[in-house]
Amino acid sequence: MTLFVAPSPVSLSEVSALVCFLLILLVPFAGVGLALINCGLGRARSAAHAMLAALLVTAVAALVYVIVGFAWQGAAGRPEHVLIVGGKAWGWIAAEPFFLRGLRLDLSPAALVVLLQLFSVGLAGLIPLSSGADRWRLGATCASTALLAGCTYPLFANWAWGGGWLAQIGANCGLGRGFLDGGGSGAIQVTGGLTALSITWILRPRRGKFSAEGLPAALPGHSAVLVLVGCSFAWIGWIGLNSGGAILFLGVEPARVVLIAVNTTLCAAASGLTTMVVTRVRFSRPDASLSANGWVAGLVASSAAAAFMKPAAAIIVGALAGIVVPLVADLLEFQLAIDDPGGAISVHAVGGLWGLLAVALLTDAGAPGRSGGQWLAQLVGMATLLGFVLPLSYGLNWLLDRVYPQRAQREGELQGMDLYELGAGAYPEFDIHGDEFLPR
Amino acid sequence: MKLAGFLLLVAGWAIVVCALVLLPSAGPRTAFALAGMAVELLGLALAVRSHLVLEAEGE
(Lines give C-alpha, C1' and ligand atoms only; values in the text may rest on other atoms or scores of the structure.)
Protein backbone atom coordinates (compact mmCIF):
# COMPACT_ATOMS: atom_id res chain seq x y z
CA MET A 1 0.00 0.00 0.00
CA THR A 2 1.52 3.28 -1.13
CA LEU A 3 0.56 6.90 -0.90
CA PHE A 4 0.17 8.47 -4.30
CA VAL A 5 -0.98 11.75 -5.75
CA ALA A 6 -2.73 11.42 -9.11
CA PRO A 7 -2.62 14.35 -11.52
CA SER A 8 -5.87 16.34 -11.47
CA PRO A 9 -7.75 16.21 -14.79
CA VAL A 10 -9.43 19.55 -14.08
CA SER A 11 -8.05 23.07 -14.09
CA LEU A 12 -10.57 25.88 -13.98
CA SER A 13 -10.23 29.56 -14.76
CA GLU A 14 -11.78 31.89 -12.18
CA VAL A 15 -14.82 32.51 -14.39
CA SER A 16 -15.30 28.79 -15.04
CA ALA A 17 -15.01 28.06 -11.33
CA LEU A 18 -17.62 30.72 -10.60
CA VAL A 19 -19.98 29.24 -13.21
CA CYS A 20 -19.42 25.81 -11.67
CA PHE A 21 -20.11 27.20 -8.18
CA LEU A 22 -23.41 28.75 -9.31
CA LEU A 23 -24.45 25.50 -10.99
CA ILE A 24 -23.69 23.55 -7.81
CA LEU A 25 -25.98 25.91 -5.88
CA LEU A 26 -28.88 24.51 -7.94
CA VAL A 27 -28.31 20.97 -6.63
CA PRO A 28 -30.29 21.38 -3.35
CA PHE A 29 -33.39 21.84 -5.52
CA ALA A 30 -33.00 18.18 -6.49
CA GLY A 31 -33.17 17.30 -2.79
CA VAL A 32 -36.26 19.46 -2.33
CA GLY A 33 -37.83 17.70 -5.31
CA LEU A 34 -37.11 14.21 -3.99
CA ALA A 35 -38.38 15.18 -0.52
CA LEU A 36 -41.68 16.45 -1.96
CA ILE A 37 -42.05 13.34 -4.13
CA ASN A 38 -41.37 11.05 -1.15
CA CYS A 39 -43.89 12.97 0.96
CA GLY A 40 -46.58 12.97 -1.71
CA LEU A 41 -46.23 9.26 -2.41
CA GLY A 42 -46.56 8.40 1.29
CA ARG A 43 -49.63 8.47 3.53
CA ALA A 44 -51.12 11.75 4.82
CA ARG A 45 -50.69 10.56 8.39
CA SER A 46 -46.90 10.31 7.85
CA ALA A 47 -46.41 13.49 5.80
CA ALA A 48 -44.73 15.65 8.46
CA HIS A 49 -42.56 12.68 9.40
CA ALA A 50 -41.47 12.28 5.77
CA MET A 51 -40.49 15.94 5.40
CA LEU A 52 -38.69 16.07 8.74
CA ALA A 53 -36.87 12.85 7.88
CA ALA A 54 -35.72 14.46 4.60
CA LEU A 55 -34.32 17.45 6.48
CA LEU A 56 -32.60 15.23 9.06
CA VAL A 57 -31.13 12.99 6.39
CA THR A 58 -29.68 16.00 4.59
CA ALA A 59 -28.23 17.33 7.85
CA VAL A 60 -26.74 14.02 8.99
CA ALA A 61 -25.31 13.32 5.53
CA ALA A 62 -23.61 16.73 5.37
CA LEU A 63 -22.11 16.43 8.87
CA VAL A 64 -20.87 12.87 8.48
CA TYR A 65 -19.49 13.60 5.04
CA VAL A 66 -17.46 16.54 6.33
CA ILE A 67 -16.26 14.62 9.39
CA VAL A 68 -15.22 11.35 7.69
CA GLY A 69 -16.73 11.01 4.20
CA PHE A 70 -14.41 13.31 2.32
CA ALA A 71 -11.43 11.75 4.08
CA TRP A 72 -12.29 8.43 2.35
CA GLN A 73 -13.44 9.94 -0.94
CA GLY A 74 -10.92 12.69 -1.68
CA ALA A 75 -10.65 14.24 -5.09
CA ALA A 76 -8.56 13.65 -8.19
CA GLY A 77 -5.17 15.24 -7.71
CA ARG A 78 -5.25 14.74 -3.93
CA PRO A 79 -3.40 12.09 -1.85
CA GLU A 80 -4.62 8.53 -2.38
CA HIS A 81 -3.71 5.09 -0.99
CA VAL A 82 -2.85 2.78 -3.86
CA LEU A 83 -2.15 -0.91 -4.33
CA ILE A 84 0.55 -1.79 -6.84
CA VAL A 85 -0.62 -4.79 -8.89
CA GLY A 86 1.09 -5.86 -12.09
CA GLY A 87 3.29 -2.79 -11.95
CA LYS A 88 0.28 -0.45 -12.03
CA ALA A 89 -1.07 1.78 -9.28
CA TRP A 90 -4.70 1.18 -8.30
CA GLY A 91 -6.21 3.77 -5.98
CA TRP A 92 -8.62 2.31 -3.45
CA ILE A 93 -9.19 4.97 -0.77
CA ALA A 94 -8.27 8.61 -0.28
CA ALA A 95 -5.70 9.71 2.28
CA GLU A 96 -7.26 12.96 3.45
CA PRO A 97 -7.49 14.12 7.09
CA PHE A 98 -10.87 14.19 8.85
CA PHE A 99 -12.92 17.41 9.14
CA LEU A 100 -11.58 18.76 5.81
CA ARG A 101 -8.37 19.79 7.58
CA GLY A 102 -5.76 21.22 5.26
CA LEU A 103 -8.24 21.97 2.48
CA ARG A 104 -8.74 25.59 1.42
CA LEU A 105 -12.41 26.15 0.74
CA ASP A 106 -12.13 28.58 -2.16
CA LEU A 107 -12.92 28.23 -5.85
CA SER A 108 -10.35 25.46 -6.38
CA PRO A 109 -11.61 22.21 -8.02
CA ALA A 110 -11.15 20.22 -4.77
CA ALA A 111 -13.19 22.75 -2.77
CA LEU A 112 -15.93 22.73 -5.40
CA VAL A 113 -15.95 18.92 -5.24
CA VAL A 114 -16.52 19.15 -1.48
CA LEU A 115 -19.45 21.52 -1.97
CA LEU A 116 -21.04 19.39 -4.71
CA GLN A 117 -20.58 16.24 -2.66
CA LEU A 118 -22.06 17.85 0.44
CA PHE A 119 -25.31 18.19 -1.51
CA SER A 120 -24.98 14.94 -3.49
CA VAL A 121 -24.52 12.71 -0.46
CA GLY A 122 -27.72 14.16 1.00
CA LEU A 123 -29.45 13.40 -2.29
CA ALA A 124 -28.26 9.78 -2.11
CA GLY A 125 -29.55 9.62 1.47
CA LEU A 126 -33.00 10.85 0.45
CA ILE A 127 -33.51 7.99 -2.01
CA PRO A 128 -34.02 5.17 0.56
CA LEU A 129 -36.48 7.36 2.48
CA SER A 130 -39.17 6.72 -0.10
CA SER A 131 -38.79 2.95 0.10
CA GLY A 132 -39.01 3.01 3.90
CA ALA A 133 -42.01 5.35 3.97
CA ASP A 134 -44.66 4.92 6.69
CA ARG A 135 -42.61 2.47 8.80
CA TRP A 136 -38.99 3.68 9.13
CA ARG A 137 -38.14 5.26 12.50
CA LEU A 138 -36.48 8.71 12.51
CA GLY A 139 -33.52 7.60 14.62
CA ALA A 140 -32.86 4.60 12.39
CA THR A 141 -33.13 6.82 9.32
CA CYS A 142 -30.40 9.08 10.69
CA ALA A 143 -28.17 6.17 11.71
CA SER A 144 -28.57 4.48 8.32
CA THR A 145 -27.77 7.75 6.56
CA ALA A 146 -24.62 8.11 8.66
CA LEU A 147 -23.48 4.69 7.43
CA LEU A 148 -24.22 5.69 3.84
CA ALA A 149 -22.49 9.08 4.04
CA GLY A 150 -19.55 7.82 6.09
CA CYS A 151 -18.81 4.52 4.38
CA THR A 152 -20.73 3.25 1.33
CA TYR A 153 -20.98 6.47 -0.65
CA PRO A 154 -17.42 7.82 -0.17
CA LEU A 155 -15.84 4.49 -1.10
CA PHE A 156 -17.61 4.16 -4.43
CA ALA A 157 -17.31 7.90 -5.10
CA ASN A 158 -13.56 7.64 -4.55
CA TRP A 159 -13.30 4.81 -7.05
CA ALA A 160 -15.38 6.62 -9.66
CA TRP A 161 -14.51 10.29 -9.05
CA GLY A 162 -11.68 10.62 -6.55
CA GLY A 163 -8.94 9.17 -8.74
CA GLY A 164 -9.69 5.59 -7.62
CA TRP A 165 -9.33 2.37 -9.56
CA LEU A 166 -12.56 2.63 -11.59
CA ALA A 167 -11.46 5.98 -12.97
CA GLN A 168 -8.04 4.48 -13.73
CA ILE A 169 -9.13 1.44 -15.74
CA GLY A 170 -8.99 3.53 -18.89
CA ALA A 171 -5.29 4.29 -18.43
CA ASN A 172 -4.36 1.00 -16.72
CA CYS A 173 -6.31 -1.44 -18.91
CA GLY A 174 -7.02 0.50 -22.08
CA LEU A 175 -10.77 0.50 -21.49
CA GLY A 176 -11.93 3.69 -23.20
CA ARG A 177 -11.72 6.67 -20.84
CA GLY A 178 -12.27 4.54 -17.74
CA PHE A 179 -15.56 4.39 -15.85
CA LEU A 180 -17.55 7.53 -16.70
CA ASP A 181 -20.30 8.86 -14.45
CA GLY A 182 -20.34 12.64 -14.68
CA GLY A 183 -23.58 13.48 -12.87
CA GLY A 184 -23.70 10.46 -10.59
CA SER A 185 -26.02 7.90 -12.17
CA GLY A 186 -23.94 5.29 -10.37
CA ALA A 187 -22.29 7.02 -7.42
CA ILE A 188 -25.42 8.86 -6.28
CA GLN A 189 -28.49 7.23 -7.83
CA VAL A 190 -27.62 3.52 -7.97
CA THR A 191 -25.91 3.69 -4.57
CA GLY A 192 -29.07 5.29 -3.13
CA GLY A 193 -31.33 2.88 -5.03
CA LEU A 194 -29.48 -0.22 -3.84
CA THR A 195 -29.56 1.12 -0.28
CA ALA A 196 -33.32 1.50 -0.79
CA LEU A 197 -33.49 -2.18 -1.81
CA SER A 198 -31.60 -3.15 1.35
CA ILE A 199 -33.97 -1.07 3.45
CA THR A 200 -37.11 -2.62 1.93
CA TRP A 201 -35.72 -6.08 2.62
CA ILE A 202 -34.84 -5.22 6.21
CA LEU A 203 -38.02 -3.29 7.05
CA ARG A 204 -40.27 -5.73 5.18
CA PRO A 205 -43.58 -4.58 3.64
CA ARG A 206 -46.03 -2.18 5.25
CA ARG A 207 -48.78 -3.78 7.30
CA GLY A 208 -51.66 -4.70 5.00
CA LYS A 209 -49.67 -4.27 1.79
CA PHE A 210 -49.77 -7.96 0.85
CA SER A 211 -52.66 -10.32 1.48
CA ALA A 212 -52.23 -13.85 2.80
CA GLU A 213 -52.20 -15.00 -0.83
CA GLY A 214 -49.38 -12.56 -1.56
CA LEU A 215 -51.49 -10.17 -3.63
CA PRO A 216 -50.53 -6.50 -3.20
CA ALA A 217 -53.09 -3.92 -2.06
CA ALA A 218 -52.99 -0.42 -3.53
CA LEU A 219 -51.88 2.08 -0.87
CA PRO A 220 -52.16 5.32 -2.81
CA GLY A 221 -49.97 8.32 -2.11
CA HIS A 222 -51.74 11.22 -0.43
CA SER A 223 -50.82 14.12 -2.75
CA ALA A 224 -50.19 13.91 -6.48
CA VAL A 225 -49.73 17.70 -6.39
CA LEU A 226 -46.67 17.45 -4.12
CA VAL A 227 -45.29 14.70 -6.32
CA LEU A 228 -45.63 16.69 -9.53
CA VAL A 229 -44.27 19.92 -8.03
CA GLY A 230 -41.37 17.84 -6.73
CA CYS A 231 -40.62 16.76 -10.30
CA SER A 232 -40.17 20.39 -11.34
CA PHE A 233 -37.78 21.11 -8.47
CA ALA A 234 -35.86 17.93 -9.26
CA TRP A 235 -35.49 19.05 -12.89
CA ILE A 236 -33.78 22.31 -11.85
CA GLY A 237 -31.55 20.52 -9.39
CA TRP A 238 -30.53 17.86 -11.87
CA ILE A 239 -29.34 20.46 -14.40
CA GLY A 240 -26.97 21.77 -11.73
CA LEU A 241 -25.94 18.26 -10.70
CA ASN A 242 -25.20 17.03 -14.22
CA SER A 243 -23.41 20.24 -15.24
CA GLY A 244 -21.34 20.62 -12.07
CA GLY A 245 -20.42 16.93 -12.05
CA ALA A 246 -19.39 16.93 -15.71
CA ILE A 247 -17.13 19.96 -15.23
CA LEU A 248 -15.51 18.67 -12.05
CA PHE A 249 -15.30 14.94 -12.69
CA LEU A 250 -15.05 14.66 -16.47
CA GLY A 251 -13.16 17.86 -17.15
CA VAL A 252 -15.59 19.09 -19.83
CA GLU A 253 -15.38 22.77 -20.70
CA PRO A 254 -18.03 24.96 -18.99
CA ALA A 255 -19.45 25.98 -22.40
CA ARG A 256 -20.87 22.47 -22.64
CA VAL A 257 -23.43 23.16 -19.88
CA VAL A 258 -25.95 24.19 -22.54
CA LEU A 259 -25.75 20.75 -24.17
CA ILE A 260 -25.97 19.13 -20.73
CA ALA A 261 -29.08 21.14 -19.78
CA VAL A 262 -30.73 20.32 -23.13
CA ASN A 263 -29.94 16.61 -22.80
CA THR A 264 -31.11 16.48 -19.18
CA THR A 265 -34.42 18.08 -20.13
CA LEU A 266 -34.92 15.88 -23.19
CA CYS A 267 -34.20 12.73 -21.20
CA ALA A 268 -36.74 13.66 -18.51
CA ALA A 269 -39.34 14.76 -21.05
CA ALA A 270 -39.04 11.61 -23.15
CA SER A 271 -39.10 9.39 -20.08
CA GLY A 272 -42.09 11.10 -18.45
CA LEU A 273 -44.10 11.03 -21.67
CA THR A 274 -43.23 7.41 -22.42
CA THR A 275 -44.25 6.31 -18.94
CA MET A 276 -47.52 8.20 -19.35
CA VAL A 277 -48.19 6.39 -22.63
CA VAL A 278 -47.28 3.01 -21.13
CA THR A 279 -49.61 3.53 -18.15
CA ARG A 280 -52.33 4.83 -20.50
CA VAL A 281 -52.08 1.66 -22.56
CA ARG A 282 -51.95 -0.66 -19.53
CA PHE A 283 -54.56 0.95 -17.28
CA SER A 284 -56.57 2.93 -19.88
CA ARG A 285 -55.72 6.14 -17.98
CA PRO A 286 -52.37 7.85 -17.41
CA ASP A 287 -51.05 7.25 -13.91
CA ALA A 288 -49.83 10.51 -12.29
CA SER A 289 -47.50 8.88 -9.74
CA LEU A 290 -45.88 6.53 -12.22
CA SER A 291 -45.54 9.30 -14.81
CA ALA A 292 -43.78 11.43 -12.21
CA ASN A 293 -41.51 8.50 -11.44
CA GLY A 294 -40.86 8.20 -15.17
CA TRP A 295 -39.83 11.86 -15.27
CA VAL A 296 -37.37 11.36 -12.42
CA ALA A 297 -36.06 8.15 -14.00
CA GLY A 298 -35.24 10.17 -17.12
CA LEU A 299 -33.29 12.64 -14.98
CA VAL A 300 -31.49 9.76 -13.28
CA ALA A 301 -30.62 8.08 -16.57
CA SER A 302 -29.34 11.35 -18.02
CA SER A 303 -26.78 11.92 -15.27
CA ALA A 304 -23.96 9.72 -16.51
CA ALA A 305 -24.18 10.54 -20.19
CA ALA A 306 -25.58 14.08 -20.48
CA ALA A 307 -22.21 15.61 -21.33
CA PHE A 308 -21.54 13.23 -24.22
CA MET A 309 -24.90 12.54 -25.85
CA LYS A 310 -26.39 14.08 -28.92
CA PRO A 311 -29.94 15.34 -28.25
CA ALA A 312 -31.47 12.51 -30.31
CA ALA A 313 -29.62 9.97 -28.18
CA ALA A 314 -30.91 11.71 -25.03
CA ILE A 315 -34.47 11.14 -26.26
CA ILE A 316 -33.75 7.44 -26.79
CA VAL A 317 -32.14 7.10 -23.35
CA GLY A 318 -35.13 8.82 -21.73
CA ALA A 319 -37.73 6.87 -23.70
CA LEU A 320 -36.21 3.52 -22.76
CA ALA A 321 -36.01 4.59 -19.10
CA GLY A 322 -39.69 5.55 -19.30
CA ILE A 323 -40.65 2.13 -20.63
CA VAL A 324 -38.56 0.19 -18.10
CA VAL A 325 -39.65 2.04 -14.93
CA PRO A 326 -43.35 1.04 -14.78
CA LEU A 327 -42.53 -2.52 -15.82
CA VAL A 328 -39.89 -2.93 -13.12
CA ALA A 329 -42.19 -1.28 -10.55
CA ASP A 330 -44.84 -3.89 -11.39
CA LEU A 331 -42.30 -6.72 -11.29
CA LEU A 332 -41.08 -5.67 -7.85
CA GLU A 333 -44.57 -5.35 -6.39
CA PHE A 334 -46.45 -8.22 -8.02
CA GLN A 335 -43.75 -10.85 -8.50
CA LEU A 336 -41.06 -10.14 -5.93
CA ALA A 337 -43.16 -8.94 -2.94
CA ILE A 338 -41.01 -5.82 -2.52
CA ASP A 339 -42.95 -2.90 -0.99
CA ASP A 340 -41.29 0.24 -2.34
CA PRO A 341 -43.88 3.04 -1.87
CA GLY A 342 -41.90 5.70 -3.75
CA GLY A 343 -40.46 3.49 -6.47
CA ALA A 344 -36.87 4.25 -5.43
CA ILE A 345 -35.53 0.92 -6.66
CA SER A 346 -37.04 1.07 -10.13
CA VAL A 347 -36.36 4.80 -10.60
CA HIS A 348 -32.92 5.25 -9.06
CA ALA A 349 -31.27 1.80 -9.13
CA VAL A 350 -32.59 0.55 -12.48
CA GLY A 351 -32.69 4.00 -14.11
CA GLY A 352 -29.14 4.68 -12.93
CA LEU A 353 -27.81 1.36 -14.22
CA TRP A 354 -29.39 2.07 -17.59
CA GLY A 355 -27.78 5.53 -17.61
CA LEU A 356 -24.35 4.01 -16.99
CA LEU A 357 -24.81 1.55 -19.83
CA ALA A 358 -26.06 4.31 -22.12
CA VAL A 359 -22.68 6.06 -21.83
CA ALA A 360 -21.14 3.19 -23.75
CA LEU A 361 -24.01 2.45 -26.13
CA LEU A 362 -25.33 5.85 -27.17
CA THR A 363 -22.57 8.41 -26.75
CA ASP A 364 -19.22 9.38 -28.23
CA ALA A 365 -17.62 9.07 -24.79
CA GLY A 366 -14.74 6.88 -25.93
CA ALA A 367 -13.84 9.14 -28.87
CA PRO A 368 -11.33 10.32 -29.90
CA GLY A 369 -9.25 7.17 -30.16
CA ARG A 370 -12.24 5.10 -29.16
CA SER A 371 -10.84 1.73 -28.13
CA GLY A 372 -14.09 -0.16 -27.94
CA GLY A 373 -13.50 -0.87 -24.28
CA GLN A 374 -15.77 1.84 -22.90
CA TRP A 375 -18.70 -0.56 -22.56
CA LEU A 376 -16.51 -2.94 -20.52
CA ALA A 377 -15.44 -0.05 -18.28
CA GLN A 378 -19.10 0.80 -17.67
CA LEU A 379 -19.87 -2.89 -17.06
CA VAL A 380 -17.11 -3.10 -14.45
CA GLY A 381 -18.63 -0.08 -12.68
CA MET A 382 -22.08 -1.67 -12.71
CA ALA A 383 -20.63 -4.96 -11.44
CA THR A 384 -19.00 -3.03 -8.59
CA LEU A 385 -22.30 -1.45 -7.64
CA LEU A 386 -24.10 -4.80 -7.57
CA GLY A 387 -21.28 -6.89 -6.16
CA PHE A 388 -19.80 -4.48 -3.63
CA VAL A 389 -22.18 -1.63 -2.85
CA LEU A 390 -25.33 -3.78 -2.43
CA PRO A 391 -23.77 -6.38 -0.07
CA LEU A 392 -22.00 -3.64 1.91
CA SER A 393 -25.15 -1.55 2.22
CA TYR A 394 -27.27 -4.55 3.20
CA GLY A 395 -24.66 -5.78 5.67
CA LEU A 396 -24.30 -2.42 7.40
CA ASN A 397 -28.06 -1.89 7.65
CA TRP A 398 -28.60 -5.47 8.82
CA LEU A 399 -26.07 -4.93 11.61
CA LEU A 400 -27.70 -1.62 12.51
CA ASP A 401 -31.09 -3.34 12.66
CA ARG A 402 -29.68 -5.87 15.14
CA VAL A 403 -28.42 -3.09 17.42
CA TYR A 404 -31.24 -0.60 16.88
CA PRO A 405 -34.46 -1.95 15.28
CA GLN A 406 -35.26 0.19 12.29
CA ARG A 407 -38.95 -0.58 11.87
CA ALA A 408 -41.61 1.23 13.89
CA GLN A 409 -43.79 -0.71 16.32
CA ARG A 410 -47.23 -1.94 15.21
CA GLU A 411 -49.04 1.04 16.78
CA GLY A 412 -46.77 3.40 14.88
CA GLU A 413 -47.96 2.02 11.59
CA LEU A 414 -51.58 1.96 12.67
CA GLN A 415 -51.76 5.54 13.97
CA GLY A 416 -49.30 6.97 11.43
CA MET A 417 -45.70 8.03 11.91
CA ASP A 418 -46.67 11.67 12.54
CA LEU A 419 -48.61 10.96 15.72
CA TYR A 420 -46.37 8.08 16.75
CA GLU A 421 -43.03 9.87 16.54
CA LEU A 422 -43.86 13.58 16.41
CA GLY A 423 -47.04 13.75 18.45
CA ALA A 424 -48.88 15.84 15.86
CA GLY A 425 -50.08 15.42 12.30
CA ALA A 426 -49.10 17.38 9.19
CA TYR A 427 -52.71 18.40 8.45
CA PRO A 428 -54.43 18.94 11.82
CA GLU A 429 -57.45 20.70 10.28
CA PHE A 430 -58.26 17.85 7.94
CA ASP A 431 -59.76 14.43 8.51
CA ILE A 432 -57.01 11.86 7.96
CA HIS A 433 -58.51 8.61 6.76
CA GLY A 434 -57.48 5.31 8.24
CA ASP A 435 -57.04 1.97 6.55
CA GLU A 436 -60.69 1.53 5.67
CA PHE A 437 -59.83 0.73 2.06
CA LEU A 438 -57.61 -2.17 3.09
CA PRO A 439 -58.98 -5.72 3.28
CA ARG A 440 -59.46 -6.76 6.91
CA MET B 1 -30.07 -18.70 1.23
CA LYS B 2 -29.82 -14.91 1.46
CA LEU B 3 -26.23 -15.18 2.68
CA ALA B 4 -25.40 -17.43 -0.27
CA GLY B 5 -26.93 -14.86 -2.59
CA PHE B 6 -24.79 -12.07 -1.18
CA LEU B 7 -21.69 -14.27 -1.29
CA LEU B 8 -22.36 -14.92 -4.97
CA LEU B 9 -22.71 -11.18 -5.56
CA VAL B 10 -19.30 -10.55 -4.01
CA ALA B 11 -17.77 -13.56 -5.80
CA GLY B 12 -19.04 -12.30 -9.16
CA TRP B 13 -17.53 -8.91 -8.51
CA ALA B 14 -14.22 -10.54 -7.52
CA ILE B 15 -14.20 -12.43 -10.84
CA VAL B 16 -14.73 -9.18 -12.77
CA VAL B 17 -11.95 -7.36 -10.88
CA CYS B 18 -9.53 -10.28 -11.17
CA ALA B 19 -10.20 -10.56 -14.91
CA LEU B 20 -9.43 -6.89 -15.27
CA VAL B 21 -6.15 -7.03 -13.35
CA LEU B 22 -4.82 -10.45 -14.33
CA LEU B 23 -5.83 -10.93 -17.96
CA PRO B 24 -3.99 -8.72 -20.43
CA SER B 25 -5.77 -9.65 -23.68
CA ALA B 26 -9.21 -8.33 -24.51
CA GLY B 27 -10.99 -11.62 -25.40
CA PRO B 28 -10.48 -13.62 -22.18
CA ARG B 29 -10.89 -10.46 -20.10
CA THR B 30 -14.28 -9.73 -21.64
CA ALA B 31 -15.38 -13.35 -21.30
CA PHE B 32 -14.44 -13.49 -17.62
CA ALA B 33 -16.00 -10.11 -16.91
CA LEU B 34 -19.27 -11.28 -18.47
CA ALA B 35 -19.05 -14.54 -16.51
CA GLY B 36 -18.56 -12.53 -13.30
CA MET B 37 -21.58 -10.43 -14.12
CA ALA B 38 -23.61 -13.62 -14.70
CA VAL B 39 -22.56 -14.90 -11.26
CA GLU B 40 -23.69 -11.59 -9.76
CA LEU B 41 -27.10 -11.87 -11.42
CA LEU B 42 -27.39 -15.41 -10.04
CA GLY B 43 -26.59 -14.06 -6.58
CA LEU B 44 -29.16 -11.29 -6.94
CA ALA B 45 -31.78 -13.82 -8.01
CA LEU B 46 -30.97 -15.98 -4.99
CA ALA B 47 -31.19 -12.99 -2.61
CA VAL B 48 -34.56 -11.99 -4.09
CA ARG B 49 -35.80 -15.58 -3.88
CA SER B 50 -34.78 -15.86 -0.23
CA HIS B 51 -36.69 -12.65 0.49
CA LEU B 52 -39.78 -14.15 -1.12
CA VAL B 53 -39.46 -17.30 1.00
CA LEU B 54 -39.08 -15.19 4.16
CA GLU B 55 -42.19 -13.20 3.26
CA ALA B 56 -44.18 -16.41 2.69
CA GLU B 57 -43.04 -17.75 6.07
CA GLY B 58 -43.97 -14.43 7.67
CA GLU B 59 -47.50 -14.69 6.32
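The values are calculated or read from the model by the stated rules, or taken from the named source; none is laboratory data. In this text the structure is predicted, and so the values were computed from the model without any measurement. No Cβ is skipped: glycine too gets one built from the backbone with ideal geometry, and neighbour counts run over all protein chains shown. Accessible surface is based on the protein model in full, side chains and every heavy atom, while ligands, DNA and RNA are left aside. Shrake-Rupley method; radii C 1.70, N 1.55, O 1.52, S 1.80 Å.
Structure notes:
- Per residue, in Å², the accessible surface of the protein assembly as shown once ligands and nucleic acids are set aside, probe 1.4 Å: 38
- Rounded to 10°, Cα long-axis angle of helix A:374-384 versus longest principal axis of chain A: 50
- The radius of gyration of the Cα set in chain A, together with its Dmax, comes out at 20.9, 69 angstrom.
- Over the protein assembly as shown, dividing the summed -39,500 (n - 2.57) contributions of all DSSP H runs of at least 4 residues by the number of residues returns a 222 nm mean residue ellipticity of -19500 deg cm²/dmol.
- Between helix A:27-41 and chain A: long-axis angle, C-alpha atoms, 0 to 90°, nearest 10: 20
- Heavy atoms of chains B and A lose about 2400 Å² of accessible surface on contact, summed over both sides with a 1.4 Å probe.
- Using only side-chain charges placed at the Cβ, +1 for Lys and Arg and -1 for Asp and Glu, the dipole size of chain A relative to its Cα centre rounds to 500 debye.
- Only protein atoms count toward the accessible area here, which uses a 1.4 Å probe; on region A:43-155, the carbon and sulfur part of that area reaches 74 percent.
- HN-Hα J in Hz across region A:210-220 - Karplus 6.51, -1.76, 1.60, θ = phi - 60°, x for Gly and Pro: 10, 6, 4, 7, x, 7, x, 9, 7, 10, x
- Mean projected area of the Cα convex hull of region A:286-358, taken over all directions, amounts to 4.6 nm².
- Amide hydrogen neighbours beyond the local backbone of A:Ile93, cut-off 5 Å, H modeled: A:His81
- Exposed-loop-free span, longest in chain A, where GluC sites (Glu not before Pro) count as exposed if DSSP calls them loop and at most 13 other C-beta atoms lie within 10 Å: A:214-428
- For chain B, the Cα-based Rg and Dmax, in that order, read 14.5, 52 Å.
- Carbon plus sulfur fraction of accessible area for region A:231-280, probe 1.4 Å, in percent: 76
- Whole-Å semi-axes of the ellipsoid equivalent to region A:227-360 (Cα gyration tensor, √5λ, descending): 26, 14, 13
- Under 5 Å from the amide H of A:Phe210 lie the amide H atoms of A:Ala217, each residue being 5 or more positions distant or on a separate chain, with H modelled from the backbone and absent for Pro and chain starts.
- Longest to shortest principal axis, alpha-carbon extents of region A:13-166, angstrom: 57, 38, 24
- Degrees between helix A:311-330 axis and first principal axis of chain A (Cα, 0 to 90, nearest 10): 40
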